[in-house]
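S.K.: Here's a structure for you.
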Amino acid sequence: MQKLTKTRPVCENVKSLPIVYDFIENKPVFSIKEVAKQTGISYNTAAKAVDMLVELKILIKINEQTRYKLFCYMEYIDIFRM
């Protein structure tokens, strides 16, 4: 039963991941508030999707502030540095 509760949030956020991923390809440095506003998904859904992408090491957190956190899709930005 414990495994099901741990994987349940992941399953709920799978639908929002492509939406968030499309957004970050267009704006690789962003806040969760921007994701929610521009995509039309709720702040909490956007935050969970971003957290999942951070855990997968796709995104990195730029600052360590409690509020107004900024995230970056560094591998995408690195493509243009070459």
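The values are calculated or read from the model by the stated rules, or taken from the named source; none is laboratory data. Keep in mind it's a predicted model, so treat the numbers as computed, not measured. Note that we place each Cβ from the backbone using ideal geometry, even for glycine, and neighbour counts take in every protein chain shown.
S.K.: With the structure loaded, tell me whether Ser31 is of a type in the set (Ser, Thr, Tyr) and at pLDDT below 95 or whether it fails that test.
M.R.: Values: of a type in the set (Ser, Thr, Tyr): yes; at pLDDT below 95: no.
Criteria not met by Ser31.
S.K.: So in region 27-82, with the set limited to residues that are among the β-branched types (Val, Ile, Thr) and surrounded by fewer than 16 Cβ atoms within 10 Å (Cβ to Cβ), which one is farthest from Ser16 (Cα to Cα)?
M.R.: To start, the set of residues in region 27-82 that are among the β-branched types (Val, Ile, Thr) comprises 29, 32, 35, 39, 41, 45, 50, 54, 58, 60, 62, 66, 77, 79.
Add one more test, that the residue is surrounded by fewer than 16 Cβ atoms within 10 Å (Cβ to Cβ), and what stays is 29, 54, 60, 62, 66, 77, 79.
Numbers: Val29: 18, Val54: 15, Ile60: 18, Ile62: 22, Thr66: 23, Ile77: 22, Ile79: 25 Å.
Looking at the filtered set, the residue picked out is Ile79.
S.K.: Still on this structure: So which residues in region 48-59 are of a type outside the set (D, E, K, R) and closer than 15 Å to Lys15 by Cβ, if there are any at all?
M.R.: Filtering region 48-59 for residues of a type outside the set (D, E, K, R) gives 49-50, 52-54, 56, 58-59.
Of everything in region 48-59, those that are of a type outside the set (D, E, K, R) and closer than 15 Å to Lys15 by Cβ turn out to be Ala49, Val50, Met52, Leu53.
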